[in-house]
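Every number here is computed from the coordinates shown, using simple stated rules; none is lab data. Being a predicted model, the structure only gives us computed values, none of them experimental. Using ideal geometry, Cβ is built from the backbone for each residue, glycine included, and neighbour counts are taken over all protein chains shown.
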Amino acid sequence: MPKQVNGFLALDGTFFEDEPECQRYEAERDIALLCDTHEINYDNFMATLNAWHNPIGRYYDADDKCKIHQVGRAVKFENPLDRDTEGSGSFPSVEGDYANPPSGDKDAPGFLEQSFGRYK
């Protein structure tokens, strides 16, 4: 039997009673897609983002009061695999980045690629 409801549908059809909950869900899906695209562990990224929320919030608040804003500015990323392509959406290369780090395990995954709770 059909039932009348009031609420909000996310783009994937997930139902929410509150609009802010739906908006947060959509933003989380966008972040998950970006993490997947850039091969970043989503759980670690979100844990880092949540742990750093106070300094990040202060940065955004301070930037909002500046004449020239750093937050939200357009940044063109360079694809490190194809130096001739601009704006490819990959992370920028770093001047002086080492092909093989001088110490440590060169095959060890980066912090955002590791899974918490996994120890060897």
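Within region 38-53, how many residues are farther than 13 Å from residue 28 by Cβ and surrounded by 13 or more Cβ atoms within 10 Å (Cβ to Cβ)?
The qualifying residues number 6.
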Run residue 24 past the list (1) loosely packed, with under 10 Cβ neighbours inside 10 Å; (2) on the phi < 0 side of the Ramachandran plot and report the number of the one that doesn't hold. (1)
Across (1) without any contact (Cβ under 8 Å) to a residue 60 or more places away in the chain; (2) touching a helix residue (DSSP H, G or I) at 6+ places or on another chain (Cβ under 7 Å), residue 41 clears everything bar (1)
